[in-house]
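First the structure, in the form of C-alpha cells, and then the observations on it.
FYI, it's all coordinate maths here, none of it is from the lab. The structure displayed is predicted, hence computed values, not measured ones. Every residue, glycine among them, receives a Cβ derived from its backbone with ideal geometry; neighbour counts consider all protein chains shown.
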Amino acid sequence: MIAQTLYDKLWQRHVVRQEEDGATLLYIDRHLVHEVTSPQAFEGLRLAGRKPWRTDTVLAVADHNVPTTGLPMEHPDVQPSAAAAKIYQRWFRCIEDPVSRLQVETLDRNCAEFGITEFRMGDPRQGIVHVIGPEQGATLPGMTVVCGDSHTSTHGALAALAFGIGTSEVEHVLATQCLVSKKSKTLLVKIDGAAGIGVTAKDMALALIGHIGTAGGTGAAIEFAGAAVRALSVEGRMPLCSMAIEAGARAGMVAVDDTALAYLQGRHLAPKGAQWEQAAAYWRTLVSDDGAHFDRVVTLDAAAIKPQVTWGTSPEMVVAVDGAVPDPAQEGDPVKREAMERALIYMGLQPLTPISQISLDKIFIGSCTNSRIEDLRAAAQVARGRKVAATIKQALVVPGSGLVKSQAEQEGLDRIFIDAGFEWRDPGCSMCLAMNADRLAPGERCASTSNRNFEGRQGPGGRTHLVSPAMAAAAAVAGRFMDVRTLS
Amino acid sequence: MEKFTRLEGIAAPLDRANVDTDAIIPKQFLKSIHRSGFGPNLFDAWRYLDHGEPGMDHRQRLQNPDFILNRPRYQGAKILLARENFGCGSSREHAPWALRDYGFLAIIAPSFADIFYNNCFKNGMLPIVLDAATVDRLFHEADACEGYTLTVDLARQTVVTPGGESIPFAVDAFRKDCLLNGLDVIGLTLRHVDEIKAYEARRRREEPWLFA
Ligand code: SF4
C-alpha cells in the first residue's frame, strides 16, 4: 500500500462519490452552527421545503453576539421546563442591541423548529463554538467537522478534517449531510526541538505565519508535526490549528497520539466502554504513514522561536518581542511596502520603534484561539500577586465556555485576575471581533490573544497586537509589551 | 441561483493586497438575518468618513472622496480588479453578498482566499485568477483610461480588454457548469440520495459511535 498522509486518510474515508475532474461529494460527520452565519441557511431550507438530513450531527450555540457582563447569576435548568424558559427570557433580555438579539432569537427559533440541539445563552455548556466542540467530545478523531466559521480548523487538533464553510454550504450540509469539494494540497509544518519557557503554541503559529505569509498556506491542508507539537497538550494544539487559517490554509491538523486519546476519554459525547476501545484502535491509525508525500514541507526550530508580537494589520506583520517595528523603506517589493506604510499609519507606529516601547490601552485575553483553561492558567501565573498597570484602561479575561469558567473558578484563577485588576467575564467571542458591546474605541491599542489584527477588527479604528496569553498578562502588568521570559 | 454567462462592465481597480472580509463588510452589518441589503455597506470603513451602523441611511452619510469606488468614473462598475489574497479572513458569505448587492459580478485578482473564492460561485459570481503581471497590466490600463470596460465570457473562459486582447482563465468544470446554467447545487447533490445512504450504512458499521 502506498504511504498516505493523515489528510489523505481523512479525505478518502469521507468520499461518497467522485467525479472525473476530482469534484467530490464529501460526507460530513459533525456540523457546528452559530447565530451569525446560519439564519439565511435555515431560511433557504424553509423556502425549498427541505429538512435537515441528520439532526444528530448538528450542535448549535450562540457566541458572537452574546454579552459577557451583566448576565443573570441564575442558570436555567438544562431540561426544558416553564421555569427554565423564564430564565432563558431573562438571559435574552440582556442583549441590549436589538439587531444582535434578533439574531440570537432567530437561532433559537430555527433550532427548535428543525429539532437541533442548542446550548442556549444561560446554559452552563454555552461558549465559543470552537471551544465547546472539543470540550463536549462533539469533535472526535476521524470526523469531518464543518461550521460557518473560518476558525473551524481548530478542531483539527484532534485529527479531524475540519474547515470553515459559507452560509450556502451550511444550507447544503444541513440538507444533504455532504459538501461538494476538491482535495487540497498538503503542507507539512514540522516544528522540531523544544520550545523555551514562556514560548507557547501561539508564538509558534505567529512565527510560522511571519515565515510563510498569510497566503503561504493557500489551498493547502496543514499537518503540524515534530517534537514541539507532540509536546503540546491538545489545548496547545488548538491555537496552532486555529491559526492555520491565518496562514491561508483550508485546514490544520495534528495526528492522534496518547495525548489526544487521554483528552477525549470520558468526554460527554465520546464513545464509552467497548465502543471506546474500538474507536481508539481506529483512531490510532490516524497518523501520516512513514514516507508519505506532502506537496510542501516547512521546518521550524522551536528553540529559536521567541515570544511574538504583531505590529501591523495582518498576522504576517509580526516580530519577536525583543525586535522593533520594521522600516518600510527597507522593503523591496512595492506592493508590500505600501501595505506596510498603510499599516503603520493605521497602527500609529513609527518604523524602528522597539516593541518593548509600545504602550497599551486595553488587554483582551480570550477568543477561540486562547480562552481555554491552560491559556487562563498561563495568564494567571503572570498576573498572580501583580497589578494591572494604572495606565491600562481595561483588561478583560473572557473564558471560552461556561465550563472553562467554572473550572477556572474552582482553581481560584478568577480571584487572581480580579485581585490583579482584570475583569472576569462570561463566555463568548467578545472583543475578538466586537460584535457585542466589548470593543476598542478609535485609536485604542490592545494586546489581544485573539487571531486577527485586521483594521477595525476589535472596533472601528482599534489597534490590535496579537500575542499569547502570558504575553498579554505581562503587557497588562507592565502597561507596555515586555518579554514574559524576563519576569521571575 | 442566477446564471452567469457573459458580463460586460466597467472595471474598478482596488489597489490593496490582502483585502480581508472584515474590510469588505464590517462585522456590525453581519447581524442581519437576510441575504440582501449589504451593498451600501460594502467597504464601509473605507467608503465613508463617518462610522456606519446598521439602519443608517447611507445617502445621508459622509463619503470618502479619496476612496476609489467613490470616483464618478467608477460608478456602475461590475468588475472589481484586486490584488493578491483577496477575501482573506472569515468565512462570512456576507462578503460576496455585499459585493454582488453593490453590483460586482466578477472579481479579477492574482489569488483569492479559499472560502471566499468558493462562496462567490454559490452566489452567481465569478472570481477570476490571472497571473500577477497580467493583473498589474489591467490595473494600469483601468487607471489610464476612463470608462475602461472588460468583457468576461465564461463559456469561452476569456477576459477581453477594450483593445481586443483576449486573456484566457481557468475555472473548475463543475463550478462553470453550475454558473452557466444557474444550477441548484443542493438539488444536484440530492440526486445521489441512494449513494449517500449506502455510504452512511457502511460508516455505521465501521464507526458506530458516530451514529447515536
Ligand atoms: S472567538 Fe473570534 S475567531 Fe473565534 S469564532 Fe469567535 S469571532 Fe471567530
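Couple of notes before you dig in:
- For trypsin sites (Lys or Arg not before Pro), no site in segment A:290-376 is both called loop by DSSP and has at most 16 other Cβ atoms within 10 Å.
- Per-q log10 I(q)/I(0), segment A:365-488, q = 0.11, 0.13, 0.20 Å⁻¹ (Debye; single scatterer per alpha-carbon; no solvent): -0.31, -0.44, -1.09
- Calculated FRET value between A:GLU331 and A:THR353, using beta carbons and R₀ = 22 Å, to 0.05: 0.85
- Principal axis box of segment B:60-102, alpha-carbon based, largest edge first, Å: 30, 25, 17
- Virtual paramagnetic centre 7 Å along Cα→Cβ of B:TRP209, amide N under 18 Å, in segment A:125-150: A:133-145
- A Förster radius of 41 Å combined with the Cβ-Cβ distance from B:VAL193 to A:ASP257 puts the calculated FRET efficiency at roughly 0.60.
- A straight Cα-to-Cα reach below 14 Å connects A:LYS405 with the aspartates and glutamates A:ASP123, A:GLU135, A:GLU374, A:ASP375, A:ASP414, A:GLU423, A:ASP426, residues fewer than 8 places away in its own chain not being considered.
- Extension gain for B:LEU180 to B:PHE67 (0.36 nm times residue separation, less C-alpha to C-alpha distance): 37.4 nm.
- Proximal lysines relative to A:LYS387, as straight alpha-carbon distance under 20 Å, when same-chain residues fewer than 8 apart are discounted: A:LYS362
- In loop segments of segment A:66-160 as defined by DSSP, the GluC sites (Glu not before Pro) with at most 12 further C-beta atoms inside 10 Å of their C-beta are A:GLU74, A:GLU96.
- Stretchable slack from A:ALA227 to A:ARG384, in nm (0.36 nm times residue separation minus alpha-carbon distance): 53.5 nm
- Share, in percent, of DSSP beta bridges within the protein assembly as shown that are antiparallel, nearest 5: 30 percent
- Positive-end residue, segment A:145-277 charge dipole about Cα centroid, Cβ charges, pick of A:LEU179, A:THR200, A:ALA231: A:LEU179
- Dipole magnitude for segment B:137-201: about 140 debye, using +1 per Lys or Arg Cβ and -1 per Asp or Glu Cβ, origin at the Cα centre.
- Among the listed pairs B:LYS3/B:LYS176; A:LYS182/B:LYS176; A:LYS190/A:LYS306; A:LYS202/A:LYS306; A:LYS51/A:LYS183; A:LYS86/B:LYS27, those with a Cα-Cα distance over 19 Å are A:LYS51/A:LYS183; A:LYS86/B:LYS27.
- For the protein assembly as shown, with +1 on Lys and Arg beta carbons and -1 on Asp and Glu, the positive-most of A:ALA60, A:ALA83, A:THR106 along the dipole: A:ALA83
- Cα-centred dipole magnitude for chain B, charges only on beta-carbon of K, R (+1) and D, E (-1), debye, nearest 20: 580 debye
- Over the protein assembly as shown, all Cα pairs binned in 20 Å intervals from 0 give whole-percent P(r) values of 18, 55, 26, 1, listed from short to long.
- Chain A: relative contact order in percent, alpha carbon pairs under 8 Å with at least 6 residues between: 17 percent
- Of the residues A:GLY142, A:ALA262, A:LEU344, the one whose Cα sits farthest toward the positive end of the charge dipole of chain A, with +1 on the Cβ of Lys and Arg and -1 on the Cβ of Asp and Glu, is A:ALA262.
- One Cα centroid belongs to segment A:10-48, the other to segment A:272-338; the line between them spans 27 Å.
- Residues of segment B:175-202 falling in the label zone of B:MET1, defined by backbone nitrogen less than 14 Å from a point 7 Å along Cα to beta-carbon, are B:175-190.
- Gap separating the Cα centres of segment A:144-199 and segment B:152-175, nearest whole Å: 32 Å
- At R0 = 25 Å, FRET efficiency that the Cβ-Cβ distance of A:ILE197 and A:GLN410 yields, to 0.05: 0.45
- Taking Cα centre as origin and charging only the Cβ of basic (Lys, Arg, +1) and acidic (Asp, Glu, -1) residues, the dipole magnitude of chain A rounds to 420 debye.
- Under DSSP loop assignment and at most 11 Cβ neighbours within 10 Å, longest GluC sites (Glu not before Pro)-free interval of chain B: B:3-145
- When only Cα pairs below 8 angstrom with a gap of at least 6 residues are kept, segment B:6-181 shows a relative contact order of 26 percent.
- Prolate/oblate/rounded call for segment A:1-123, Cα gyration tensor, a/c under 1.5 rounded: prolate
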